[in-house]
2 protein chains.
Amino acid sequence: MPDTLPRLLPVQSDAPVQAAHDRVYRGLRQQIMHGELAPGHPLTLRGIGKSFGVSMTPAREAVRRLSAEGALSMSGSGRVTTPELSNDRIEELAQIRALLEPELGSRALRRAHLALIDRMDAINEANARAVNRQEPVNYIRTNLEFHRTLYLRAQSPAILGLLETVWLQLGPTMRVLYTRLRRTTPPPHHRHILEALRAGDDAALRLAIRTDVTQGLKHLQV
Amino acid sequence: MPDTLPRLLPVQSDAPVQAAHDRVYRGLRQQIMHGELAPGHPLTLRGIGKSFGVSMTPAREAVRRLSAEGALSMSGSGRVTTPELSNDRIEELAQIRALLEPELGSRALRRAHLALIDRMDAINEANARAVNRQEPVNYIRTNLEFHRTLYLRAQSPAILGLLETVWLQLGPTMRVLYTRLRRTTPPPHHRHILEALRAGDDAALRLAIRTDVTQGLKHLQV
DNA sequence: CATGGCGCAGTGTGATCACAATTGGCACGC
DNA sequence: GCGTGCCAATTGTGATCACACTGCGCCATG
């Protein structure tokens, strides 16, 4: 039932229009990483296909790719859900963040200039607004963006890539974390991170990042 | 052309026979991680399908999954090859190993008992034999098995999973490394690792692992 | 009213097909 | 001899279909 888009013309000239499976992948990935889906949320290939206007084939490929990254879990019979992480798993993922992120921050420190810090400041303010307005998805999104903006300067794509898969796995859990302790104040350690950056203090930056990362996830113990 | 296997009966009683895409995934993954494929080696979906006796569909899913893990790279037009890593990339992956593996070793140390160390000793001897016989694949396989045997004791599946994707990305490159410097002696630091384990010396173990990991990949600079 | 069995709707899997894009080689012309 | 354009074979993509399995609800029975 190809109702939504005729899709008759080759590609309609200019736009390379990324492949369908890639559109689906990106869409789902963002929903998961930003905590739009609760842990254990069930998904079906036909449902995904319908919501993206494609058939099962691209949906299956996107799901396969995401489950390879740990963003989705598949039951023995192939049923797809967002992962429900055990406490041990959460703690382990937090420890990975605590291992990788200070390293990335340290590498970025040498390359950080004022414009970068200002940009992070702006993101941090957007984060504070999301807290005030009680918007979980915007909170998670700006929080990750704050960290990613810094880490991009580390020029270490492999490490950052690994870290993003960790964030991805934590996405649904982060949503629970947020809704459980309705926080009213923005993450306090972001200020310390910015101060350490301005001061060019490597040790302080590593500590601030490590604390920021560990802090949030500590409250998640069931 | 379903020639090889009739596949008429439901499942032939007992064997759950893992799904076709999973068989293909495992097969390819092992070939890549053990260095059976050189960097830049081209693969085709139809070719993979034929060599595993399946159609393109499971082959595509396996390829998608592997490329999500960085074990295969896909050109813009979808052509699939094993990755040809840049020097920067290799160095970065080595640094990730140097970050994760000492941590895993340290965690395993508390749980390591004599039987484990004996098993690692045996694997190390198999590794030495592979060196003498100039068998690259067996060398890589036993080398990884040596490390994995230790890290499994760390009881940290998330970290180990991340590390395995790093090993996977390095697979084809390891093959080049081996054939370039036809080594005639086994990795010297494995002995140090075993000694530190027997002594229960955490600092020495971390150093030995870090050195072992860094050592090998250092010689790969083009 | 509880419980066990049956059947149907829903779901993932894998094969196949049509199609567009890329690729590689070959011949032609400069 | 070398570059250039074209053609055919190859390749990935996505839709569709048949099929087997799972899970759940419904109904009959104790």
Exercise. For peptide A:156-167, how many partner chain Cβ atoms fall within 10 Å of a residue's Cβ, on average?
Worked result: 4
For this session: At most 15 other Cβ atoms within 10 Å and a DSSP loop assignment: could you name the trypsin sites (Lys or Arg not before Pro) in the range B:105-190 that fit?
Result: B:R110, B:R111, B:R133, B:R182, B:R183
For this session: Note down the relative contact order for chain A as a percent, whole number, built from C-alpha pairs under 8 angstrom at least six residues apart.
Result: 27
Exercise. Using 1/(1 + (r/R0)^6) with R0 = 51 angstrom and r between the beta carbons of B:A122 and A:E145, what's the FRET efficiency to the nearest 0.05?
Worked result: 0.55
For this session: For A:K218, go through the aspartates and glutamates and keep the ones whose alpha-carbon is under 14 Å away, minus same-chain ones fewer than eight residues off.
Result: A:D88, A:E91, A:E92
For this session: Run through the other copies and list how far each one's label point is from that of B:L181, in nm with one decimal, shortest first; the point sits 7 Å from Cα along Cα-Cβ.
Result: 4.9
For this session: In nm, give the distance between the simple-model label positions of A:S75 and A:A203, each being 7 Å from the Cα along the Cα-to-Cβ direction.
Result: 5.3
Problem set entry | Computed lengthening from B:S55 to B:V137, 0.36 nm per intervening residue step minus Cα-Cα distance | 26.7 nm
For this session: Step through the residues of the range B:192-200 one at a time and calculate ³J(HN,Hα) from phi using the Karplus curve (6.51 cos²θ - 1.76 cosθ + 1.60, θ = phi - 60°), rounding each to whole Hz and writing x for Gly and Pro.
Result: 4, 4, 5, 5, 4, 5, 5, 7, x
Problem set entry | Global form of the protein assembly as shown, assessed from the alpha-carbon gyration tensor, a/c cut-off 1.5 | oblate
Problem set entry | Virtual spin-label span in nm between A:R182 and A:R46, 7 Å along Cα→Cβ | 3.9
Seminar exercise, completed: Here the gain from full extension of B:S106 to B:T214, 0.36 nm per residue of separation minus their alpha-carbon distance, amounts to 37.2 nm
Seminar exercise, completed: Counting Lys and Arg as +1 and Asp and Glu as -1 over every other residue whose Cβ sits under 13 Å from the Cβ of B:R182, the net charge comes to +3
Problem set entry | Exercise: per-residue mean of other protein chain Cβ atoms within 10 Å, A:91-102 | 3
For this session: Determine which chain A residue has its Cβ at minimum distance from the rotation axis mapping A onto B, giving the value in whole Å.
Result: A:A68, 2
Exercise. How many nanometers, to one decimal and shortest first, lie between the label point of A:T44 and those of its other copies, if labels sit 7 Å from Cα toward Cβ?
Worked result: 3.8
Seminar exercise, completed: Taking a ≥ b ≥ c as the square roots of the eigenvalues of the Cα gyration tensor, with a/c under 1.5 meaning rounded and otherwise prolate when a/b exceeds b/c and oblate if not, the range A:87-218 is oblate
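We did not get these values from a lab; they are worked out from the coordinates using the rules stated. Remember, predicted model here, so these are calculated numbers, not experimental data. Glycine gets a Cβ as well: all are built from the backbone with ideal geometry, and neighbour counts include every protein chain shown.
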